[in-house]
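The values are calculated or read from the model by the stated rules, or taken from the named source; none is laboratory data. Model, not experiment: these values are computed from the prediction. Please note: Cβ atoms are built from the backbone with ideal geometry, for glycine as well, and neighbour counts cover all protein chains shown.
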Amino acid sequence: MSGYGFGLRAAYGLTWEITLVLEARYSKHVPATKHGQMVAVLSGVEWALDVLRFVPFFSIETGAYFAQDPSFGSTTDVGLSVGVGVDYRVNRSFSAGLYGRYHLVASNVNKFPAYVDSGLRFAFHFD
């Protein structure tokens, strides 16, 4: 399936490297024969190698996934997300980056299998 989506996240840096994350995401999946959608509310930890202007990061998050699809109806499941990416610190207050994440709905893989999302991210930093 392919589609589009967006998300909103809040993060709190415990140290320069470790960040707590709370995130809400919406995605719309549009294959040729059916249209599905998913909402995810996730929390987790992000680790960043914050030493240069380019900042690689790794994340792991868990939370609730709310899926709806004409082929199986609606479902709510617990899931896991693992991601990687890189941010470019334009200055101390703003960064832009790329990310990729693998999502696995843990309790019922047959109903809504794993999927991958990728995209751009922009962040304001309050130091």
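Those strands (runs of 3 or more DSSP E) of the stretch 1-63 in which at least 2 residues are touching a strand residue (DSSP E or B) at 6+ places or on another chain (Cβ under 8 Å), modelled with pLDDT under 90 and surrounded by fewer than 14 Cβ atoms within 10 Å (Cβ to Cβ), considering only elements entirely within it, cover 3-13. Can you spot a residue in the stretch 103-118 that is at pLDDT 90 or above and surrounded by 13 or more Cβ atoms within 10 Å (Cβ to Cβ)? No, the stretch 103-118 contains no residue that is at pLDDT 90 or above and surrounded by 13 or more Cβ atoms within 10 Å (Cβ to Cβ). The criterion of being touching a strand residue (DSSP E or B) at 6+ places or on another chain (Cβ under 9 Å), at pLDDT 90 or above and part of a strand (DSSP E or B) does not hold for Gly79. Taking every residue in the stretch 76-88 that is at negative phi and pairing it with any residue that is outside any strand (DSSP E or B) and surrounded by 14 or more Cβ atoms within 10 Å (Cβ to Cβ), at least 6 positions away or on another chain, the pairs with Cβ-Cβ distances below 8 Å are Asp77/Asn108; Asp77/Lys111; Asp77/Phe112.
Selection of first residues in the stretch 18-41 that are more than 17 Å from Val116 (Cβ to Cβ) and among the hydrophobic types (A, V, I, L, M, F, W, C) and of second residues that are assigned to a strand (DSSP E or B) and at pLDDT below 85, restricted to Cβ pairs under 6 Å at least 6 apart or on distinct chains, gives an empty result.
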